[in-house]
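Report on the following structure.
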Amino acid sequence: MRTLVFIPAWNEEASVAGVIADVRKTMPEADVLVVDDGSADATVERAREAGALVASLPFNQGLGAALQTGYLYALRNGYDFCAHLDSDGQHPPEEVARLLAEVTEGRADLAIGSRYHAGAIAGSDDYRPTFSRRIGTSVFRFFLTLATRQRFTDTTSGMRAANRRVMALFSRHYSPDFAEIESLQLAVRQGLRVEELPVRMLERAGGSSFLTPVRSAFFIFKGLVVLLVGQFRPRHVETER
Amino acid sequence: MRLAFAAEAGQVHLTSQTRIVAAVLALVFMLMILELIRRDRLQERYSVIWFVAGLGMLAGAAFPGILEVLASLLGVRNTNVALFSIVLLLLLGLALNFSVIMSRQAAQITRLAQERAIEKASQQAAERQRNGSSGEQPLQAEEQSFES
């Protein structure tokens, strides 16, 4: 059984090495791949020094394209399972390992780490979302639940674990700039078992969030368009193995 | 009867001078397209649509009756308004066509970048395997090959 843990990173030289070290310590049997999304700083060098494989996109393509690169790498290189987490230190690797266990033990095809799931809030209050993030979160939560008829609490979570069915689907189709929400909708529509697990998340170790109020509004609008269009995509397309 | 009247009114708007100017412009336009293709500045597959536009312009100049028929089909009394509406719609279609082409090319560029990134990472993984277990030593080798 081979497992790949990949980390999309864009200008995260301050935190990427720490994240890699944590992942290698927590999951020594897994291969670690950093998908560098056209970073201008020393992200690639830091990642290599920390002992990760690096897939470097020649220019910035957006989170969706970076994540798809990871899924494609896992699929092509015959990994049985893969997981990804953010490069800014918000996601504790122990929680990723729990998501992976969910997938390797066959309880789900795709496991999502949720900050807002009922179990997570009781666990810790390390994570404090900003106001605009809270609005976006609840809007997306509502519409994604409506679209998929499955309850999702954390639609923009970048902490996930997946098996080969999901790799095949996401390598073929993954929205380049609206990755998280559309991919959930797509996976549910294709009949995959998507499951949310409560996880603990931390404050960012480095870098800053890209969400300002205006951008959040735009982000929400774009997300709704994407969800609406997604409802009209064909279901159950044969997935290559 | 009404069609004949519209045609009569149309003649007033489209004088023979404007028809000649339009025809010459259409010909110059198509020559420009040819020249762009000849110099490899425009690919044939994207030029078809422009030739159609040029021929349309030429046809409109040579046979103004076409325009009047179109105007009456649209239910527009003024042929000038009909002309502008049709041109505007065509341009809108063209712009959409370009957005579609752009989206396809953006997807192709992304996939190309991903393939290259994956290939490099796979090379790195293979090199690591050749040098034994994953650790600091193969990383050093990788670093050197990266520099050279």
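Just so you know, all these numbers are worked out from the coordinates, no wet-lab data involved. Here the structure is a predicted model, which is why all the values come from computation and not from measurement. All Cβ positions, even for glycine, are placed from backbone atoms using ideal geometry, and neighbour counts span all protein chains on display.
So how many residues does region A:42-63 have that are within 8 Å of chain B (Cβ to nearest Cβ) and assigned to a helix (DSSP H, G or I)?
Just the residues of region A:42-63 that are within 8 Å of chain B (Cβ to nearest Cβ), to begin with: A:48-49, A:51, A:53-59, A:61.
Still in the running and assigned to a helix (DSSP H, G or I): A:48-49.
The number of residues fulfilling the criteria is 2.
Give me the pairs: first residue in region A:29-41 and more than 9 Å from chain B (Cβ to nearest Cβ), second residue polar (S, T, N, Q), beta-carbon distance under 7 Å, and six or more apart or on different chains, which are they?
Short answer, once both residue conditions are applied: A:Glu29/A:Thr3; A:Ala30/A:Thr3; A:Asp37/A:Asn60; A:Asp37/A:Gln61; A:Ser39/A:Asn11; A:Ala40/A:Asn11; A:Asp41/A:Asn11.
Those residues that are outside any loop (DSSP other than H, G, I, E, B) and not small (Gly, Ala, Ser), I need them from region A:74-101; list them, please. So that I can check it myself, show each step before the final result.
Residues of region A:74-101 that are outside any loop (DSSP other than H, G, I, E, B), as a first pass: A:74-76, A:81-84, A:93-101.
Of everything in region A:74-101, those that are outside any loop (DSSP other than H, G, I, E, B) and not small (Gly, Ala, Ser) turn out to be A:Leu75, A:Arg76, A:Phe81, A:Cys82, A:His84, A:Pro93, A:Glu94, A:Glu95, A:Val96, A:Arg98, A:Leu99, A:Leu100.
Report whether or not B:Ile109 is surrounded by 12 or more Cβ atoms within 10 Å (Cβ to Cβ), more than 14 Å from every other protein chain (Cβ to nearest Cβ) and assigned to a helix (DSSP H, G or I).
Judged against the criteria, B:Ile109 is not a match.
Only one of (1) in a helix (DSSP H, G or I); (2) free of Cβ contacts under 8 Å to residues at least 12 places away in the same chain; (3) within 14 Å of chain A (Cβ to nearest Cβ) fails for B:Gly132. Which number is that?
The failed condition is (1).
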